[in-house]
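To start, the structure under review is shown below, and the notes come after it.
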Number of protein chains: 4
Amino acid sequence: MNRIVISTGGGDAPGLNAVIYSVVKSSLARGWEVYGSKSGYRGLIEPDELIRLTADQVRDITSTGGTILGSTNKGNPFAMPVENEAGEILLRDISDRIMTNFTRMGFSCHIAVGGDGSLEIAHRFAVEKGMPVIGVPKTIDNDLEATQMTFGFDTAVSTATEAIDKLHSTAKSHDRVMVVEVMGRDSGWIALSSGISGGADVILIPEIPFNIKTISRKIADNELDGKLYTIIVVAEGASAEESGKIHKKTEQSEIGRQELLLGGIGEWVAAKVRESSGKDTRSLVLGHLQRGGSPTTFDRLLALRFGAAAVRMAENSQFDQMVSLVNGEMEAVPLADAIRERKKVPLNSDKVMTAREIGICLGDY
Amino acid sequence: MNRIVISTGGGDAPGLNAVIYSVVKSSLARGWEVYGSKSGYRGLIEPDELIRLTADQVRDITSTGGTILGSTNKGNPFAMPVENEAGEILLRDISDRIMTNFTRMGFSCHIAVGGDGSLEIAHRFAVEKGMPVIGVPKTIDNDLEATQMTFGFDTAVSTATEAIDKLHSTAKSHDRVMVVEVMGRDSGWIALSSGISGGADVILIPEIPFNIKTISRKIADNELDGKLYTIIVVAEGASAEESGKIHKKTEQSEIGRQELLLGGIGEWVAAKVRESSGKDTRSLVLGHLQRGGSPTTFDRLLALRFGAAAVRMAENSQFDQMVSLVNGEMEAVPLADAIRERKKVPLNSDKVMTAREIGICLGDY
Amino acid sequence: MNRIVISTGGGDAPGLNAVIYSVVKSSLARGWEVYGSKSGYRGLIEPDELIRLTADQVRDITSTGGTILGSTNKGNPFAMPVENEAGEILLRDISDRIMTNFTRMGFSCHIAVGGDGSLEIAHRFAVEKGMPVIGVPKTIDNDLEATQMTFGFDTAVSTATEAIDKLHSTAKSHDRVMVVEVMGRDSGWIALSSGISGGADVILIPEIPFNIKTISRKIADNELDGKLYTIIVVAEGASAEESGKIHKKTEQSEIGRQELLLGGIGEWVAAKVRESSGKDTRSLVLGHLQRGGSPTTFDRLLALRFGAAAVRMAENSQFDQMVSLVNGEMEAVPLADAIRERKKVPLNSDKVMTAREIGICLGDY
Amino acid sequence: MNRIVISTGGGDAPGLNAVIYSVVKSSLARGWEVYGSKSGYRGLIEPDELIRLTADQVRDITSTGGTILGSTNKGNPFAMPVENEAGEILLRDISDRIMTNFTRMGFSCHIAVGGDGSLEIAHRFAVEKGMPVIGVPKTIDNDLEATQMTFGFDTAVSTATEAIDKLHSTAKSHDRVMVVEVMGRDSGWIALSSGISGGADVILIPEIPFNIKTISRKIADNELDGKLYTIIVVAEGASAEESGKIHKKTEQSEIGRQELLLGGIGEWVAAKVRESSGKDTRSLVLGHLQRGGSPTTFDRLLALRFGAAAVRMAENSQFDQMVSLVNGEMEAVPLADAIRERKKVPLNSDKVMTAREIGICLGDY
């Protein structure tokens, strides 16, 4: 009999609970036991953060947002921030303690659901400590090279597209320029997908530095065509060609006050477009709306398949690997490969071509 | 035979097209003619802004957002901004010209769909120029005293509630405080309704000055109950008791830059809460999302009923009056009454009591 | 201190859990205890069907469908079907036993959430046994005379409208007649509201006997207008003028087989229309889709207000009464009045007039 | 300069208008002309069924259901039913007439959007008449071997999943068995995907003959686990092992009456389950709900990409080929290959394994 422990790490993503459901049900069906480690690796540090997962506990969670395990990033076990007596914050390596507990409790496999940060930690546990780890990829941004798609992405794109849909009528009624800032620090997948689906006029992504003049020309072209409003979708990580001048959106924390002053790229674009076009221009930041809520049908199914495939991999002792979607089917890929590189939007990809060909301005030229 | 002209004025509201559909179909059914005046009164100034509305033209518009007549506020005909040769902006009264055209074109009734600004102008046309006017109330904020409900409100509340729903999982996953700013400059109807429906912990409305300490206490109480996250819904017009210190959100226009610096009440609350509670706190402004999109079923039906009732009033020559919903039925009320007062949230109203009784903090005490 | 027991009876309705949430939270806020009686009065018969309701137990249930108390109709306590030794089913009055338990457990109030059947039983307990009862009205059909609206209705109408919306494109693509059967055995509120909102061409309700010839004429008129498809919404309780010939839809039970043969009114209308018009005609029964799922924002809010108002009534000892919505506000009405009469669609009501005036055929003339 | 003609054939599918939008915009961007042939090949037979497609005409159609070209299947041009003087229906080959018109009007490419029937006809035009044809695959059922996915499928699955979601609460409240019949005559893709996502207990697909005893055992197992309700999803083409006894659902047409008597497989399963389990059992046929309505974000994007890719293929003269999705990218595959075989659900596929592993009964064993 196997005894599995599952953890969820990093930011929220619609579909986490569906993965948990599937891992639990698939394991129970094999006569195995499943435990959940709350708050990342917490359950392998403190016993009361480790919970037995039964069929009853996961009933009806498939369609819910969030994670029943509390996905909050409580830090890297290889460099965990701890306060010493003097009140200083030190980084301590508690990975051995975790590995000892893992062994002591008789676990035969750790299924780690997480983004590239969590998967890298999982990989280190596999390589350095010999933990039998299986990864399940989770990134809203869909920017993992090793899998065709991750769960949560379809939900994020749908939420963004619905928002863009709603802005059309208001922009039209007031002859306005509306700027919508969506997620995507390093890659433009969400902006590109939601912008194309939502009928945006302009899409700005990190992979293509933009030029305000190009955008102004598009707004003018729209007016010549009798279309007096313009919708601009901008990824939070997009930047202008004259990029030295751009204040990138920074983390809200100690420097929270500063961010209030600076605003994000959406507000910056809105201000510049207002200046250059003279049009009534508004901006909107979708922010956390994109991470939350019930997963779409697509994401539910993908997450359930990921979970079941991970348990199948556990059965076959395919450790230090990650479940991935390749041409519509589940495959195992080495964790080392999965975390190596981020998937940027290729400039010659079909989605970029589609955008250009149906008349969407990508801010360049 | 009657010849009706319909106009839509002011900001966007889901259901405008349903009113137009209903007015057109109800009029055609009586053998009347209907014309639409584009961009407010524009169609009564320039002939090419006046369009004949047929069954074909309104087919399938009921469920669409925006207005086929372009609701952009082009100014008050009694004080229309006009540029003179010297490039100065002067206010000119063009109401007589409009009335002359109205008569010349043989119109027997003007159905004016609009908020209190538009309805006041309509009332002046009725009283000062003798125009046979019928009003249809439109305010997202639901703050007209004379009608139980206006179309667009249910859609705005639904959009806000869906957003709050989505934020729960993310707030929970990260033990966060999430502040959502919703519409409501002078009244808290949207904040109160969406906050109750969406399971907010704190709701701040213009009618009840709030105290940051009270909010901090609620956050602490939540933690004692094992609930490590908090959702705060704040109406854009809410203000703190120490209100002198608050920067109200101002119109974006020339002073657009300034607004970027100041931020809205949502950001202000987030900053204060972050300061006082030390919790990871994020804010989100729903803004124009609430005005756009397809109307809910409720709003479609209400808008269709308003339109049909307006035409019935036209048949009975009930001019200088507004269609309104009273205890679930259509009634005619004098425009003079309708525009007199805004409907604030009564502090002893059932919704306020419900909020308090189910444990929602309203920021006072 | 008060000790409340709440029960939910009869069919499913979106919003039941929101009522429970609100009753629990409002009671706890007053320092009261709340218990839930599972499966109607079951909790007052068998101790293990009675559960203590805490804040934890109702967390996050507001937006969920169904009821955590299991609303299944387990029969009338005044005439409960019981099997005797000979295997015969007898009706036994167990109301005294229930009342004894109610008193013994120290309950000070019973909040009964239910339709007219459940409310009538509650009223008998109040009158005949002296039980301090407060009713909360629940009928998907919105046919209680004593309240302007009940929760669940807006959700049912929204579900039906969304279905009608979807059928438009298919009907149009294939030049078809689509017949949609919606709920409404005795009244046409759902059919009328969803039919108007959804842009139906024909709406058939129990209050207006219909004529197939009239429907055929409408289909022909549509074709003359270049509209080659027709959407017909029919309430399950609608009947033709030549009504002797109509097989009303019967309950599925022992006679399940028979129902399969007979079909409902939707199929009957489809068959007749196919016959008389020669058009490709399909029918669809929405059935239980209308009862299930997450409540709309409107229904959530209404249900939460009902629950809080019921607890307020308990505080004021307003027993043998029901909470109701009157002109947008909560009021208490005697249960005796509430159950006396069903609210039919008045033939001269504004909704009927609106339907006719915007060109919808109601099947008469 | 190129002159393109686009046609849509066969049943309705969400996303058709998005394909048209994309083809039109991509063609105009190249300086080409685009025409739409209404009702399949009708526009190549009668001049008034051929319409010039401009940017204005396709504005705002991306998110709408149906097709602006009227997709009604008007028959096969190689064997078109025509009535002769004696009133007999004969099949006539009018393909030459169509080809002549095609050439005469100067078209350089025909983009045929359709299911396998329409694509086969397109292929014949390419091979036998030399028409430069490019296919765009359209099947709700997702059963084309040559493409990983077709548009419309995600919407159909989402609609079915939402319906299943809604049935949970009602089934639970009444301890019922609910049977939902979804589309899928020859393959179980929709049933399998929506059943897994929607948390069904039993999924019956054409690829796996089912046994009522197995289903009864699952219902009993559920009860032992304290789950008193069961959701069964059945594809319309599923059949029992003792299949000789099953009445397959037949086309409604002349034999419409007969179908009313027989019912579909959903009703049959419900009747059998009611018989064998004694439980209150209801059935529901989703039918045309699955074909209609606004496409999901996923389908919009896929349809837009298909359209743009088709025009790219036209530019490269890749005729007699079909655009397809292969591992997330657009590729051209020969039409001959595309139409050869239907994609059945492989019994060892990951989705089937997932279903079994998370405890879903597939009706076998």
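Couplings 3J(HN,Hα) for region D:278-285, derived from phi with the Karplus relation 6.51 cos²θ - 1.76 cosθ + 1.60 (θ = phi - 60°), are x, 8, 4, 10, 10, 10, 8, 10 Hz, where x marks Gly and Pro. FRET efficiency for the pair C:Val326 and C:Ala79, taken as 1/(1 + (r/R0)^6) with r the Cβ-Cβ distance and R0 = 45 Å, rounds to 0.85. Each part reduced to its alpha carbon centroid, region A:109-136 and region D:1-51 end up 51 Å apart. In the assembly of identical copies, B:Gly328 has its label point, taken 7 Å from Cα in the direction of the beta carbon, separated from the corresponding points by 1.6, 5.2, 5.4 nm (ascending, one decimal). To the nearest 10 degrees, how steeply does helix A:212-224 sit against the main Cα axis of chain A, on a 0 to 90 scale? For helix A:212-224, the angle is close to 60 degrees.
Computed over chain C, the convex hull of the alpha-carbon atoms projects to a mean area of 20.0 nm². For A:Thr54 and B:Ile51, the FRET efficiency from 1/(1 + (r/R0)^6), where r spans their Cβ atoms and R0 equals 60 Å, is about 0.40. For region D:88-172, the relative contact order comes to 21 percent (Cα pairs under 8 Å, sequence separation of at least 6). Ranked by how many other Cβ atoms sit within 10 Å of their own Cβ, fewest first, the residues B:Arg3, C:Arg300, D:Arg124 fall in the order B:Arg3, D:Arg124, C:Arg300.
With a/c under 1.5 counting as rounded, go ahead and sort the protein assembly as shown into rounded, prolate or oblate using the C-alpha gyration tensor (a ≥ b ≥ c being the square roots of the eigenvalues; past the cut-off, prolate if a/b is larger than b/c, else oblate). The shape class here is rounded.
Applied to region D:56-69, the Karplus parametrisation 6.51 cos²θ - 1.76 cosθ + 1.60 on θ = phi - 60° returns per-residue 3J(HN,Hα) values of 4, 5, 9, 4, 6, 8, 3, 8, 8, x, x, 9, 5, 9 Hz, with x for Gly and Pro. Helix A:297-315 and the longest principal axis of the C-alpha atoms of chain A enclose an angle of approximately 30°. With the label put 7 angstrom out from Cα along the Cα-to-Cβ vector, C:Asn348 ends up 3.8, 7.6, 7.7 nm from the copy partners, going from closest to farthest.
When each of B:Ile61, C:Ile265, D:Ile51 is scored by the number of other beta-carbon atoms lying within 10 Å, the sequence from fewest to most is D:Ile51, B:Ile61, C:Ile265. About its Cα centre, chain B has a charge dipole of approximately 440 debye under the convention of +1 per Lys or Arg Cβ and -1 per Asp or Glu Cβ, with nothing else charged.
Between 0 and 90 degrees, the angle of helix D:153-173 with respect to the longest Cα principal axis of chain D falls at about 20 degrees.
Placing +1 on each Lys and Arg Cβ and -1 on each Asp and Glu Cβ, with no other charges, gives the protein assembly as shown a dipole about its Cα centre of roughly 0 debye. For A:Gly359, the distances from its label point to the matching points in the remaining copies are 2.9, 5.3, 5.3 nm, ordered from shortest, with each point set 7 Å beyond Cα toward Cβ. For D:Thr62, no residue whose modelled amide H falls within less than 5 Å of its own remains once neighbours fewer than 5 places apart on the same chain are excluded.
Using a cut-off of 31 Å between Cα atoms, the listed pairs A:Lys351/B:Lys272; C:Lys272/D:Lys344; B:Lys166/B:Lys218; C:Lys343/D:Lys227 include A:Lys351/B:Lys272; C:Lys272/D:Lys344; C:Lys343/D:Lys227 as exceeding that distance.
In this structure the amide hydrogen of D:Leu53, modeled in the peptide plane, comes within under 5 Å of the amide hydrogens of D:Val34, D:Tyr35, D:Gly36, none closer than 5 places in sequence on its chain.
For A:Ala336 and A:Thr103, a Förster radius of 22 Å and the Cβ-Cβ distance give a FRET efficiency of 0.45, rounded to the nearest 0.05.
Please state the shape class of region C:1-80: rounded when a/c is under 1.5, otherwise prolate if a/b exceeds b/c and oblate if not, all from the C-alpha gyration tensor. Oblate is the answer for region C:1-80, as a/c is 1.5 or above yet b/c matches or exceeds a/b. Across chain B, C-alpha contacts under 8 Å between residues 6 or more apart give a mean separation that, scaled by the residue count, equals a relative contact order of 22 percent. The rotation axis taking chain A to chain D passes closest to this chain A residue's Cβ, listed with the gap in Å: A:Asn327, 2.
Amide H contacts of B:Leu204: B:Val233, B:Val234, B:Ala235, each under 5 Å away and 5 or more positions distant or on a separate chain (H built 1.01 Å from N in the peptide plane; Pro and chain starts excluded).
In a reduced charge model with +1 at each Lys and Arg Cβ and -1 at each Asp and Glu Cβ, region A:35-114 shows a dipole moment near 300 debye about its Cα centre.
Values quoted throughout were computed directly from the atomic coordinates according to the rules given, and no laboratory measurement underlies them. Computed from a predicted structure; not experimentally measured. Positions of Cβ are generated from backbone atoms using ideal geometry, with glycine treated the same way; all protein chains shown enter the neighbour counts.
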